Each structure stands twice: as C-alpha cells, then as structure tokens.
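The structure appears below as structure tokens.
What follows is calculated from the coordinates using simple rules that are stated; it is not laboratory data. If you're wondering where the values come from, they're calculated on a predicted model, not measured in any experiment. No Cβ is skipped: glycine too gets one built from the backbone with ideal geometry, and neighbour counts run over all protein chains shown.
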Amino acid sequence: MQKILLTLICTISYLLIPTVAAPQNTGFTIRTLELRGTQFTVVSADLRFVQLKMFWKQPSGKPFSSLENLATYLSNNKIQLLAAMNAGIYDTNQAPLGLHIERGKVLHPLKTRRKGYGNFYLQPNGVFFLEKNAARILETLEYQKQNPKALEATQSGPMLVRNGKLHTAFQANSLNRLPRNAIGVENSHTVHLVIATDWVNFYDMATFMRDTLKCSNALYLDGSISAMRIPKTRENEDGRFGGMIGIIR
C-alpha cells in the first residue's frame, strides 16, 4: 500500500511540474562591444531565421539614397526591417563602384581593375555574397574564377580578414583612424554587420572582426560616411548612399 501511495504521489508531482518552453531563436542580436577603447555596434544575423538583402534602387529606378527611405519603402510593403547599413563603396552618382547583385540579378558588374585611388583598390579587395545555402566572402579574382551563383552581393575593399589572416598592409599603431563599417562571415549562416561608433584604424577593426567575432573572412565597406539604422533603438544614423544592406523578416 505504501509503495502504491508513493508511486501515486510521484506521478502527481511529475504532472504538476510546469513546462517551460525553450526560448525561440530570433536569428537577430544587437550588441555593443569594445576593443582597445573603441566601441563597436554589432548586428548578428542567423540567415536560417532572417533574411539579408541588398538594396540600391527603388522600383522607379531612383536610388533609395538613405536608410530612412529604405525603411519607409519596406514598411509600406509590409516587410519588417531589423537593421540596415550602407554596403560597398560607391561613386559620386550613388552607383556601386563594384559588383552589386540583388535577388540573383547583377545590377552593377564586378570590377577587376587592380590599381586605383582609395581603399577600394587596396588589394586584396573582395566580394561578400549569398549563395542558396551559404554566406561567403571571396577575394575579387577568386570570385571571378569561381563564378558562384550569387543571390545577393556587394564588392568593396580592402579585405580586413582573409582566411583567418589580417591584411598585411595594416599596422597596429596606425594613426589612420576614422568611423568605419564592415561585414564578416563567422560561418555559412552567421553574418555580422559592424560599425565603429568611435574612430578606429584598419588593424584594430580587422582584429575585432577576427578575434572577437570569429570571422575567418571580413570585408571593409566604407569610412566616415558610414551609418547604421536599427528601428526602435538609438542607432538611427543616416547618410547619402549607393547600395545598402538590409536585415529583414
């Protein structure tokens, strides 16, 4: 009888234990991190749960130009914007300087020219792109050789990190410090959008991408004009841009 009562009590106790659901992975995080006195805003996107898209022109053919215009367009089309940031370097006409692909369509071709003025031409430069099942960054000539079926892409330079190694031109004590932004790939489905909220040199930014965010490949996007927009937060800077990156749901 005691054995039966003990079994019954244990059964009742088991049934009364509340079930706690595991937290849902939203695929999207925002962090403020620091390296050597420089603060970085980091948006991390798990592409199994959210989408990353490139944007340049509105349906009318006119460039979106600003993160605010992009946010308004997406809202009007019932698309939730989680975060947005300027993409690769562009020219004075707000056209991408290099490759720009949206939804598999090449809107601006790959630029393989090796010499020129500015950061874009600090070799190696590279391409961030999305394939069907993976996010990747490749050096420009490697991208040209492999010719992947990219769904979204932006080209810029220089590469901050390539196959786990920092760009050899970067110097730890460089005084070339500016606000800067970048994109890095941690693995096939994890992408980090990063903007330095303080002035930073290339070496420290590359080190942050590799050592803090564990990006084996990372691409510099642009400098002092860079901005990030995260709705419902204080991070709502803006500018006049060419291509832009949007994390959407």
*What FRET efficiency do you get for T168 and W199 if R0 is 30 Å and r is their Cβ-Cβ distance, rounded to the nearest 0.05?*
0.85
*For the pair F28 and Y117, how long in nm is the line joining their label points, each one 7 Å along Cα→Cβ?*
4.0 nm
*Only helical DSSP H runs with n ≥ 4 go in: add -39500 (n - 2.57) per run for the chain, normalise by residue count and round the 222 nm mean residue ellipticity to 500 deg cm²/dmol.*
-4500 deg cm²/dmol
*Structure-derived Rg and Dmax of the Cα atoms in Å - corresponding label in (i) 22.2, 73; (ii) 21.8, 90; (iii) 17.0, 52*: (ii)
*Cα-projected label distance for A134 with L178, points at 7 Å along beta-carbon direction, nm*: 3.2 nm
*Say we join alpha carbon atoms closer than 10 Å with springs in a Gaussian network model of the chain; which of I137, I195, I79 then has the biggest fluctuation?*
I79
*Note down the nm distance, to one decimal, between modelled labels 7 Å out along Cα→Cβ at E68 and at F49.*
3.1 nm
_Acute angle (nearest 10 degrees) that the helix 2-16 long axis makes with the longest principal axis of the chain, alpha-carbon atoms_ = 30 degrees
*Exposed loop chymotrypsin sites (Phe, Trp or Tyr not before Pro) only (DSSP loop, at most 15 other Cβ atoms within 10 Å): please give the longest stretch of the chain free of them, not including the sites.*
118-198
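Mean separation of Cα pairs under 8 Å and 6+ residues apart, divided by the residue count of the chain: what relative contact order is that in percent? Walk me through the numbers on the way to the answer.
Details: 559 pairs, mean separation 67.9, N = 249.
Contact order relative to length: 27 percent.
Assuming 0.36 nm per residue, please report the length gained on full extension of the stretch K105 to I225 beyond their Cα-Cα distance.
Numbers: separation 120, 0.36 × 120 = 43.20 nm, distance 2.67 nm.
Fully extending the segment from K105 to I225 adds 40.5 nm.
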